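Notes follow the structure.
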Amino acid sequence: MWWIAWLIVAVALGVAEAFSLTLAFGILSAAALLAAVVAGFDAPMVVQLLTFSAASMAGLFVVRPIARRHMSRPPLTRDGTDALVGRTATVLEEVTAKRGLIKLSGENWSARPLDEHLVIPPGAAVDVMEIEGATAVVYPRDLLP
């Protein structure tokens with residue numbers, strides 16, 4: 001009946017993982033489940049402990065670093081207004097520090113120049129540097145280095 005004990009350990013470690021979110025307790029919980037399977041086949045306690053130890057070591061030293069590396073990466077796709085930054089737009093109405101209108105991704109956006117002293121004429125191509133609320137902050141393409 002050692003398999004029941006291993007299942008209890010696995011559940012306890014799973015609950016600890018839910019509170020800590022470190023991934024370590026989750027890996028140990030999976031190792032305890034593996035030991036429960038081995039115990040279900042009436043393997044000796046030494047084999048159960050070796051299974052738990054080997055699975056724990058493999059998880060903690062191989063799987064955990066890979067998982068942590070993947071969790072720390074930023075998403076590969078940008079969406080919403082973040083996806084508009086870096087795009088090229090066309091000026092529809094003169095862009096000044098107080099007002100302006102551009103065509104960006106098929107939509108009309110209010111705009112202001114990155115440099116408040118710039119005046120960008122209609123028809124000019126601009127790059128979107130950032131989005132502030134519903135206003136695109138732009139810079140003329142012909143002035144880019």
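The values are calculated or read from the model by the stated rules, or taken from the named source; none is laboratory data. None of the values given here were measured: they were computed from a predicted structure. Cβ placement follows ideal geometry from the backbone for every residue including glycine, while neighbour counts extend to all protein chains displayed. With ligands, DNA and RNA removed, areas are computed over all heavy atoms of the protein, side chains included. Shrake-Rupley method; radii C 1.70, N 1.55, O 1.52, S 1.80 Å.
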**Prompt:** Where in the chain lies the longest segment free of GluC sites (Glu not before Pro) that are both loop residues by DSSP (not H, G, I, E, B) and have at most 15 other Cβ atoms within 10 Å?
**Reply:** 1-93
**Complete:** Given backbone amide H placed at 1.01 Å from N, residues whose amide H is under 5 Å from that of Arg87, ignoring those fewer than 5 places away on the same chain, are Val128
**Message:** At 222 nm, what value in deg cm²/dmol follows for the chain if DSSP H runs of at least 4 each add -39500 (n - 2.57) and the sum is divided by all its residues, to the nearest 500?
**Reply:** -13000 deg cm²/dmol
**Whole-number accessible area per residue in Å² for the chain, which is evaluated in the context of all protein chains at 1.4 Å** = 65 Å²
**Prompt:** What's the carbon and sulfur percent of the chain's accessible surface, probe 1.4 angstrom, rounded to a whole number?
**Reply:** 66 percent
**Message:** Quick check: net charge around Met129, other residues with Cβ under 14 Å of its Cβ, Lys/Arg +1 and Asp/Glu -1?
**Reply:** -3
**Item:** Per DSSP, loop chymotrypsin sites (Phe, Trp or Tyr not before Pro) in region 38-134 with at most 13 further Cβ within 10 Å
**Value:** Phe41
**Message:** Let me check I've understood the local charge: for Asp142, count other residues with C-beta under 15 angstrom from its C-beta, Lys and Arg +1, Asp and Glu -1. What total comes out?
**Reply:** -1
**Prompt:** Hey, what did the chain get for relative contact order, percent, Cα under 8 Å, at least 6 apart?
**Reply:** 15 percent
**Correct choice for Rg and Dmax of the Cα atoms in Å that was computed from the model, options (i) 15.7, 47; (ii) 28.8, 82; (iii) 14.1, 41** = (ii)
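With the cut-off at 1.5 for a/c, could you classify region 7-73 from its C-alpha gyration tensor as rounded, prolate or oblate?
Oblate is the answer for region 7-73, as a/c is 1.5 or above yet b/c matches or exceeds a/b.
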